[in-house]
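Contents: one structure, followed by commentary.
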Amino acid sequence: MIDLIACSICLRVRRGSEWLDAEHVVRDIKSYDSELPRLRGTVCNDCAEAISRRRADREDSVAA
């Protein structure tokens, strides 16, 4: 069974050190021809940074 790590927000999948579109990974591993992969959810770096920026912006506006 293949384990894949997927971002719960943008749905990109981690392959090695890269976050790729899910469609690319599905074609690459040909999961449509074999058993379904097991997905583990997380948040990718881009989405985590976006969340941090939004929180910082909100804190700045509340403090003013």
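The values are calculated or read from the model by the stated rules, or taken from the named source; none is laboratory data. Since the model is a prediction, treat every value here as computed from it, not as a measurement. Cβ coordinates were reconstructed from backbone atoms using ideal geometry, including for glycine residues, and neighbour counts include every protein chain displayed.
Limited to region 23-50, what total is found for residues that are among the aliphatic types (A, V, I, L, M) and at pLDDT 95 or above?
The qualifying residues number 3.
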Close pairs from region 44-55: first under 19 Å from Ala22 (Cβ atoms), partner of a type outside the set (Ser, Thr, Tyr), Cβ under 6 Å, at least 6 apart: Cys44/Cys7; Cys44/Arg12; Cys44/Trp19; Cys47/Cys7; Cys47/Ile9; Cys47/Cys10
Subset of region 1-25 [over 12 Å from the mean Cα position of the chain (by Cα) and surrounded by 15 or more Cβ atoms within 10 Å (Cβ to Cβ)]: Val25
Residue in region 35-51 that is farther than 11 Å from Ile2 by Cβ and over 16 Å from the mean Cα position of the chain (by Cα) present: no
Matching residues in region 51-64 - criterion: being in a helix (DSSP H, G or I) and at pLDDT below 80: Arg58, Glu59, Asp60, Ser61, Val62, Ala63
Cross-chain or 6+ apart pairs with Cβ under 9 Å, region 19-36 first and closer than 22 Å to Ile9 by Cβ, then among the small types (Gly, Ala, Ser) and in a helix (DSSP H, G or I): Val25/Ser31
